[in-house]
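One structure below.
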Amino acid sequence: MRAAIYKSYGPPDVLQIVDLPKPTPKNNEVLIKLHATTVTSGDARLRAFNLPPGFSQIGRLIFGISRPRNQILGSELSGVIEAVGQGVTKFKPGDEVIAFSDAKMGCYAEFKTFPETGTLAHKPETLSHQQAAAVCFGGTTSLSFLRRANIKSGDRILINGASGSVGTAAIQLAKHFKAEITAVCSSPNHALVQSLGADHMIDYRTTKITELPVQFDIILDCVGSLNTQNTRSILRPSGRLLLIVVSFRDLLAAPFQSIGSSKKVIATPVITKPEDIRFLAELADRGEFTPVIDQTFPLDQIAAAHALVDSGRKKGNVIITF
Ligand SMILES: NC(=O)c1ccc[n+]([C@@H]2O[C@H](COP(=O)([O-])OP(=O)(O)OC[C@H]3O[C@@H](n4cnc5c(N)ncnc54)[C@H](OP(=O)(O)O)[C@@H]3O)[C@@H](O)[C@H]2O)c1
């Protein structure tokens with residue numbers, strides 16, 4: 001099978017296309033023939049080994065000290081089940097599925113095995129494979145943070161970095177939870193975020209969001225520019241600050257920053273459960289969540305796809321087709 005691998009950390013051209021043996025599903029696994037995967041900001045961070053401040057040492061221990069331990073990036077996919085192990089009961093050959101391998105990666109390949117009890121769901125019928133491939137990364141991240149913030153109808157939410165993968169998913173999920181949404185991104189992307197459900201749009205290049213004359217119940221930062229200090233006047237006394245991009249020091253400090261304050265800081269990522277993927281697939285089938293696609297590239301052009309993600313300017317998701 002064809003796959004994109006990287007043998008060293010570095011710029012997009014460290015990625016190369018190679019032939020690898022096709023995997024065989026174990027007893028409890030399905031074998032998926034991929035139609036599409038994505039290049040996420042997480043893939044680009046790992047390829048370049050560009051982790052948020054303070055994560056470098058622990059990151060090298062996890063992902064490989066001098067070179068990547070797992071050479072195949074790619075955390076989400078859409079495809080068709082080609083074969084199943086003998087113990088598999090929930091899926092059968094021919095089923096269209098989406099799946100999320102998260103930090104275990106491995107989706108830049110024509111075939112991938114997955115345990116049937118893993119983060120796997122039937123593909124939403126309403127979505128193309130290209131759209132479906134992009135359900136999980138932005139969807140699970142924003143869903144887990146919004147749920148832990150106990151988002152509810154009428155909450156005022158500020159989404160910083162609203163036009164990226166996490167931001168475009170977060171707008172649609174916050175809309176599902178009936179929140180009032182203020183989206184922060186550059187003005188060329190305002191029409192996009194409004195079409196997804198944003199009620200108000202702000203261009204961070206012309207407006208200092210930390211000095212806005214309004215207060216929010218929830219602030220979701222997908223950029224890494226917000227913290228407890230600079231959101232003091234724009235977060236309500238009982239507000240929740242969701243830090244998706246955070247330094248290692250701020251990650252450790254987050255639980256303590258909530259002590260003695262009615263404000264809550266949430267920064268830890270969570271493990272995604274299969275029911276989260278099914279929830280997102282159901283929302284997609286109801287037309288409440290459609291992943292935004294910026295550009296689509298064939299696997300051969302994966303380096304160009306990474307260069308686009310490296311720009312930090314992508315709108316929604318970048319797709320790779322097989
Ligand atoms: N903690 C976790 O579990 C977790 C999970 C997923 C992702 N992340 C992290 O979350 C971040 C966002 O991920 P993503 O995939 O959504 O990234 P992305 O798709 O690359 O999004 C970047 C977006 O941010 C906007 N932006 C850039 N600078 C900005 C600024 N100063 N103020 C406001 N908006 C700005 C850009 O919009 P304009 O072009 O309009 O400026 C762009 O659309 C990444 O750093 C990623 O590593 C963390």
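Please treat every number below as a calculation from the coordinates, not as lab data. What you see is a predicted model; the values in this text were computed from it and never measured. Cβ placement follows ideal geometry from the backbone for every residue including glycine, while neighbour counts extend to all protein chains displayed.
Things to note:
- All positions within segment 126-183 that are crowded, with 23+ Cβ neighbours inside 10 Å, of a type in the set (Phe, Trp, Tyr) and either more than 10 Å from the chain's Cα centre (by Cα) or over 25 Å from residue 37 (Cβ atoms) (or both): 145
- For first residues located in segment 214-243 and more than 22 Å from residue 152 (Cβ to Cβ), partners that are among the charged types (D, E, K, R) and within 14 Å of the ligand (Cβ to nearest atom) and lie 6+ apart or on another chain with Cβ distances below 8 Å form the pairs 227/250.
- Here is the figure for segment 188-205: residues that are under 17 Å from residue 177 (Cα atoms), assigned to a loop (DSSP other than H, G, I, E, B) and free of Cβ contacts under 8 Å to residues at least 24 places away in the same chain total 1.
- So residue 210, is it polar (S, T, N, Q), under 22 Å from residue 142 (Cα atoms) and not in a helix (DSSP H, G or I): no
- In segment 14-55, the qualifying residues are those that are part of a strand (DSSP E or B) and not hydrophobic (A, V, I, L, M, F, W, C), and the one that is farthest from the ligand (Cβ to nearest atom) is 19.
- Selection within segment 213-237: residues that are away from the ligand (no atom under 15 Å from the Cβ) and part of a loop (DSSP other than H, G, I, E, B). The member of this set that is surrounded by the fewest Cβ atoms within 10 Å (Cβ to Cβ) is 213.
- Scanning segment 252-265 for residues that are under 19 Å from residue 218 (Cβ atoms) and either more than 16 Å from the ligand (Cβ to nearest atom) or not small (Gly, Ala, Ser) (or both) yields 255, 257, 258, 261, 262, 263, 264, 265.
- All positions within segment 65-79 that are buried (at least 16 other Cβ atoms within 10 Å of the Cβ) and more than 20 Å from residue 303 (Cβ to Cβ): 78, 79
- Among the residues making up segment 21-50, those that are aliphatic (A, V, I, L, M) and either surrounded by 18 or more Cβ atoms within 10 Å (Cβ to Cβ) or closer than 21 Å to residue 118 by Cβ (or both) are 30, 31, 32, 34, 36, 39, 44, 46.
- Put simply, of 137, 177, 114 the only residue that is more than 16 Å from the ligand (Cβ to nearest atom) and in contact with a helix residue (DSSP H, G or I) (Cβ under 7 Å, 6 or more places away or on another chain) is 177.
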